[in-house]
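Everything on this sheet refers to the single structure shown next.
The values are calculated or read from the model by the stated rules, or taken from the named source; none is laboratory data. This is a predicted model, so every value here is computed, not measured. Please note: Cβ atoms are built from the backbone with ideal geometry, for glycine as well, and neighbour counts cover all protein chains shown. Surface accessibility is based on the protein's heavy atoms, side chains included, excluding ligands, DNA and RNA. Shrake-Rupley method; radii C 1.70, N 1.55, O 1.52, S 1.80 Å.
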Amino acid sequence: ATFLALRARVRLARREYGMAIADNEQALRLNPSLAAAHCGLADSLAYEARYDEAIERFERAIALSPNDPQLWAFLTYGALALIFKGDFARAVEWTERASGIPNCQYWTAAHKAAALALLGRADEARRATAQLLQQMPEFTCAFARDKLFYLKEPRQIELYLDGLRRAGVPAESSIAS
């Protein structure tokens, strides 16, 4: 089951969402309590714009493994799906839950900044951006676009980048290379 879940992550990165879904579903037939496979399936469903199914799977991953070392990721990836769905307020809630987890990474702050900006909460969005840039000074809209290469739905990436821009995330790095 673990192998299938890992192979699904590779397929997701290759934008082979259908095969990633199939691998995660097979992993879950073998081990229905594998939280990582629920999260991986949720990611693939979200990128296919199947948001309600995706959120259910993220919630299942969280319920199955509430102390998982990757809990921050379940919540943060779920927040991105909620942004794509247009449920910006709930996305903020999920990022706030994730940000309290010690090993939480910078994407949580990025998703929070985007969701707050898309809600029109400009001051809070700018504060989230300041936190993001403290965690990851080289984070820019160009960086986000590069790191989110696996998204094949232009509407999703453009919505996300619009949120980042509104939150005050720089377009490109001003650091000379």
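Our helix-only sum for the chain, with -39,500 (n - 2.57) per DSSP H run of n ≥ 4 divided by its residues, gives a mean residue ellipticity at 222 nm of -22500 deg cm²/dmol. Here the mean projected area of the convex hull built on the C-alpha positions of segment 1-87 is 4.8 nm². Across segment 42-78, the residues whose backbone nitrogen lies under 20 Å from the label position 7 Å along the beta-carbon direction of residue 152 are 42-55. Using the 1.4 Å probe convention, the accessible area of the chain works out to 48 Å² per residue with neighbouring protein chains retained.
Counting only protein heavy atoms and a probe of 1.4 Å, the accessible surface of the chain is 51% carbon and sulfur. Loop-located trypsin sites (Lys or Arg not before Pro) across segment 56-164 with a Cβ neighbour count of 14 or fewer within 10 Å are 152, with loop assigned by DSSP.
Globularity index of segment 109-177 is 1.04 (Cα radius of gyration / 2.2 N^0.38 Å, N = number of residues).
Counting only protein heavy atoms and using a 1.4 Å probe, the accessible area of residue 116 comes to about 0 Å². For the chain, the Kirkwood hydrodynamic radius from C-alpha pairs, put into Stokes-Einstein at 25 °C and a viscosity of 0.890 mPa s, yields a diffusion coefficient of 152 µm² per second. Placing a label point 7 Å from the Cα of residue 52 along the Cα-to-Cβ line, the residues of segment 77-102 whose backbone N sits under 15 Å from it are 85-87.
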